[in-house]
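Peer 1: First, the structure itself, so that you have it in front of you.
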Amino acid sequence: MPRRESTDADRERRRTADRERLQRAVTQLSDSEGWKRWVRVRSRNGLARYSLHNQLLIARQRPDASYVAGYRAFLALDRCVRTGEKAIRILAPVTPRTVKPTDSPAQPEAEGERRRTIFTSVCVFDVAQTEPLPGSKPVPLEPPASPVTGDTHRKLLPPLELLANELGYSISYRKLDGTADGWCDNAHRLIAVDGELPANAHVRVLVHEIAHALGVSYEQYGRADAEVIVDTATYIVCSSSGLDVSGSSVPYITGWGETSAGETIERFAAVIDTIARRIEAALTSTG
């Protein structure tokens with residue numbers, strides 16, 4: 001019995017440490033440096049597959065992370081974690097266990113059981129903490145980014161156009177007056193794009209306006225916050241697709257974190273992550 005109590009206490013201490021680690025990672029969003037750190041991590045090609053909370057944990061522990069995976073996953077990629085490297089700790093769900101109501105011990109399992117998902121801390125590593133296995137030729141995990149002035153990402157236009165159509169918007173490539181490269185007219189369900197821009201810039205503009213079409217309006221968020229959300233989502237999607245839009249999209253507003261409540265920042269990060277995932281899914285589903 002004493003041994004069981006010790007085990008339970010150890011588990012509770014680990015869970016408490018995990019909760020505190022996650023809370024510190026979330027709190028980190030509330031300053032501009034923490035915000036930039038998360039955006040940098042989220043925009044990496046190999047990190048979009050992680051949940052928002054795990055992205056925040058990765059950003060707190062290793063801000064320069066670019067591709068994160070477990071020890072065995074790297075072995076499958078012909079890479080090995082170097083001896084002595086400090087692991088990044090994230091949370092992973094374990095097999096749900098059946099919990100029966102305490103007030104109905106005789107109730108049949110099929111009717112009385114309920115599922116409880118438990119998360120546990122697991123160790124992962126960044127690719128910078130690994131090296132190729134002897135004699136292997138591992139494939140680069142993150143290709144170099146292409147400039148927004150080029151034509152390399154033209155293949156992304158059809159899936160973006162299809163997503164816009166699925167949302168009920170038509171797209172018009174035309175010469176636009178003024179300085180805007182594009183706009184989203186929610187009332188008329190129209191996205192306009194400057195037709196004189198190169199293909200890569202068309203990708204950037206479409207991602208930006210589709211993010212607006214996904215519900216990020218000035219009426220709901222206000223102009224400044226809506227543009228933070230949309231610009232950040234644009235930066236993330238384009239960067240994870242290998243397109244350098246750092247000179248065109250502003251992924252954060254300096255000091256924005258200090259002027260907003262912590263819960264607002266966490267909510268906005270969740271909105272950005274959700275929008276980015278929707279657009280990324282549209283791009284990857286078509287190959």
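The values are calculated or read from the model by the stated rules, or taken from the named source; none is laboratory data. Remember, it's a predicted structure, so these values are computed and weren't measured experimentally. All Cβ positions, even for glycine, are placed from backbone atoms using ideal geometry, and neighbour counts span all protein chains on display.
Peer 1: Only residues in the range 56-73 that are over 12 Å from Ser43 (Cβ atoms) and touching a residue at least 24 places away in the same chain (Cβ under 8 Å) count as the first member; pair them with residues that are part of a helix (DSSP H, G or I) and of a type in the set (S, T, N, Q), Cβ under 6 angstrom, at least 6 apart or cross-chain, and list the lot.
Peer 2: Arg60/Gln28
Peer 1: Hey, another quick one. Only one of (1) surrounded by 15 or more Cβ atoms within 10 Å (Cβ to Cβ); (2) outside any loop (DSSP other than H, G, I, E, B) is not met by Ser172, so which one is it?
Peer 2: If we test Ser172 against (1) surrounded by 15 or more Cβ atoms within 10 Å (Cβ to Cβ); (2) outside any loop (DSSP other than H, G, I, E, B), just (1) comes out false.
Peer 1: Has the range 243-255 got at least one residue that is closer than 17 Å to Lys155 by Cβ, touching a helix residue (DSSP H, G or I) at 6+ places or on another chain (Cβ under 6 Å) and at pLDDT below 90?
Peer 2: There is at least one residue in the range 243-255 that is closer than 17 Å to Lys155 by Cβ, touching a helix residue (DSSP H, G or I) at 6+ places or on another chain (Cβ under 6 Å) and at pLDDT below 90.
Peer 1: How many residues, within the range 153-169, are touching a Leu at 6+ places or on another chain (Cβ under 8 Å) and surrounded by 16 or more Cβ atoms within 10 Å (Cβ to Cβ)? Break it down into steps so the answer makes sense when it comes.
Peer 2: To start, the set of residues in the range 153-169 that are touching a Leu at 6+ places or on another chain (Cβ under 8 Å) comprises 153, 156-157, 159-161, 164, 167, 169.
The next check asks that each one be surrounded by 16 or more Cβ atoms within 10 Å (Cβ to Cβ); those that pass are 153, 156-157, 159-161, 164, 169.
Total meeting the criteria: 8.
Peer 1: For the range 131-139, indicate whether the set of residues that are under 30 Å from Val81 (Cα atoms), aliphatic (A, V, I, L, M) and not in a helix (DSSP H, G or I) is non-empty. So that I can check it myself, show each step before the final result.
Peer 2: Of all residues in the range 131-139, those under 30 Å from Val81 (Cα atoms) come to 131-139.
Within this subset, residues satisfying the condition of being aliphatic (A, V, I, L, M) are 133, 139.
Narrowing further to those that are not in a helix (DSSP H, G or I): 133, 139.
The answer is yes; a qualifying residue exists.
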